[in-house]
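The values are calculated or read from the model by the stated rules, or taken from the named source; none is laboratory data. The structure displayed is predicted, hence computed values, not measured ones. Every residue, glycine as well, gets a Cβ built from its backbone with ideal geometry; the counts of neighbours run over all protein chains shown. For the accessible areas, the whole protein counts, side chains as well, though only heavy atoms, and no ligand, DNA or RNA atoms are used. Shrake-Rupley method; radii C 1.70, N 1.55, O 1.52, S 1.80 Å.
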Amino acid sequence: MLHVGLDLSRKRIDVCLISDQGELIDRVTATPDRDGLHGLARRVAVYGEPVRGVVEAMNGARFVHDELVAHGWEVLVADAQKVKGLAPLACKTDKIDSRVLAELSFRDLVPAIWLPTFELRSEREISRWRLHLVKHRSTLKNRVHSTLITFGQRHMSDLFGVAGRKLLGELELPEPWRSHVDASLVLIDDLEARITQIAKDLRRSGADHRYIPILMTAPGFGWITSYTVACEIADINRFSSPVKLTGYTGLCPRVKQSGQMDQRGPLSKHGPKYLRWGLMEAAIAASSHPLYRERYQRTKRRLGKQRGPKVAQIDLARQLTQAISYMLTRNQPFAPAGAIFRLAA
């Protein structure tokens, strides 16, 4: 078998080929597009041996994976952080990185990540695109609020409702702010229509998803939040315990221990940010639920007004993550320990 390390960048791929005995065979470069990968596959095919390629997880790595798999390769996508831990380098170049990846394949030490199917990636893309549009809508609304404050104008809580739109239309603002507010309102309406349509599409496409009905029985989980979390988790069986799932969310603090030293840093944020968004949204809604209200308020009081609310929300998000793990693993609705009946949100 040939072991191929692929160091991917925007404009090229540095490729290192080593034999099954660990000997360097060749070093080549290719462009990270379909033609370049086709040429690379043809060039390696002359050796007449099975090929295992390794590429670090980054934007474009899945395209490289899919194209080379179509040419008969076995391709692993490696966790970049774990590769760095397995092979710390004093000197780092593209050629060295490609050799490191090939060596990890040769020694069967590749920290490969789980790759979702194309269908799952499509589901995730719809949900993530909705969140992207929501973010832009919020940015435009905040800009309109800022414009009103700039000129000392009063504004209401529902500035973009019927009464709020009437107020905005009657305001006397100088140019170019007047035009910018009008343009912002047009864009907000367009984004609102697109977000509403995506929500309808999500409801149709996720109607048969086996995780969504279970997630919606937990406190804080609505339809959109449940769909987002379900798509990001994908298959609960790839997490052997609730601790593993909690670590995947990135909601755990960084830990650095050595001897008597024990340092706890900020959140690791190693997992998908969209999963963290869904869990945090659910935690905010669940903070008023009877089951979690006391814990949330106790954490807030203990840490004070500045840090308390945020830390309390993160703590609830971790609690919900553990509950989700048990629910999806056992295929059961939300039922906390000690409850004589199942609770619904």
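Worth a mention:
- E119 being under 20 Å from A193 (Cα atoms), modelled with pLDDT under 95 and either open to solvent by 30 Å² or more (accessible area, probe 1.4 Å) or among the basic types (K, R) (or both): no
One line per residue, one yes/no per condition, for (1) in contact (Cβ under 8 Å) with a residue 40 or more places away in the chain; (2) under 30 Å from S240 (Cβ atoms); (3) among the acidic types (D, E); (4) open to solvent by 50 Å² or more (accessible area, probe 1.4 Å):
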position: E125; (1), (2), (3), (4): no, yes, yes, yes
position: R130; (1), (2), (3), (4): yes, no, no, no
position: A163; (1), (2), (3), (4): no, no, no, yes
position: E172; (1), (2), (3), (4): no, no, yes, yes
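- One residue alone among P290, P266 is without any contact (Cβ under 8 Å) to a residue 40 or more places away in the chain and touching a strand residue (DSSP E or B) at 6+ places or on another chain (Cβ under 9 Å), and that residue is P266.
- Against the numbered list (1) open to solvent by less than 60 Å² (accessible area, probe 1.4 Å); (2) at pLDDT below 95, D208 comes up short only at (1).
- Here C16 meets the list (1) more than 20 Å from T93 (Cβ to Cβ); (2) touching a helix residue (DSSP H, G or I) at 6+ places or on another chain (Cβ under 7 Å) almost entirely, failing just condition (1).
- Residue among L343, L328 that alone is modelled with pLDDT of 90 or more, within 15 Å of F221 (Cβ to Cβ), surrounded by 15 or more Cβ atoms within 10 Å (Cβ to Cβ) and not acidic (D, E): L328
- Of the residues making up segment 291-310, one or more are more than 30 Å from A57 (Cα to Cα) and within 21 Å of the chain's Cα centre (by Cα).
- Verdict on R264 being farther than 30 Å from E123 by Cβ, in contact with a Ser or Thr (Cβ under 9 Å, 6 or more places away or on another chain), open to solvent by 40 Å² or more (accessible area, probe 1.4 Å) and not in a helix (DSSP H, G or I): no
- When segment 61-110 is filtered for residues that are touching a helix residue (DSSP H, G or I) at 6+ places or on another chain (Cβ under 8 Å), modelled with pLDDT of 90 or more, open to solvent by less than 60 Å² (accessible area, probe 1.4 Å) and outside any helix (DSSP H, G or I), the ones remaining, listed by number, are W73, V75, L76, V77, A78, V110.
- Summed over segment 41-80, the residues that are within 14 Å of L104 (Cα to Cα) and out of contact with any strand residue (DSSP E or B) (no Cβ under 7 Å at 6 or more places or on another chain) give a count of 1.
- Against the numbered list (1) at pLDDT below 95; (2) under 21 Å from the mean Cα position of the chain (by Cα); (3) on the phi < 0 side of the Ramachandran plot; (4) not aromatic (F, W, Y), G220 comes up short only at (3).
- Selection from segment 242-261 of residues that are of a type outside the set (A, V, I, L, M, F, W, C), open to solvent by 40 Å² or more (accessible area, probe 1.4 Å) and farther than 16 Å from K310 by Cβ: K244, Y248, R254, K256, Q257, S258, G259, Q260
- Test: residue in segment 23-30 that is within 16 Å of D108 (Cβ to Cβ), touching a strand residue (DSSP E or B) at 6+ places or on another chain (Cβ under 6 Å) and surrounded by fewer than 22 Cβ atoms within 10 Å (Cβ to Cβ): no
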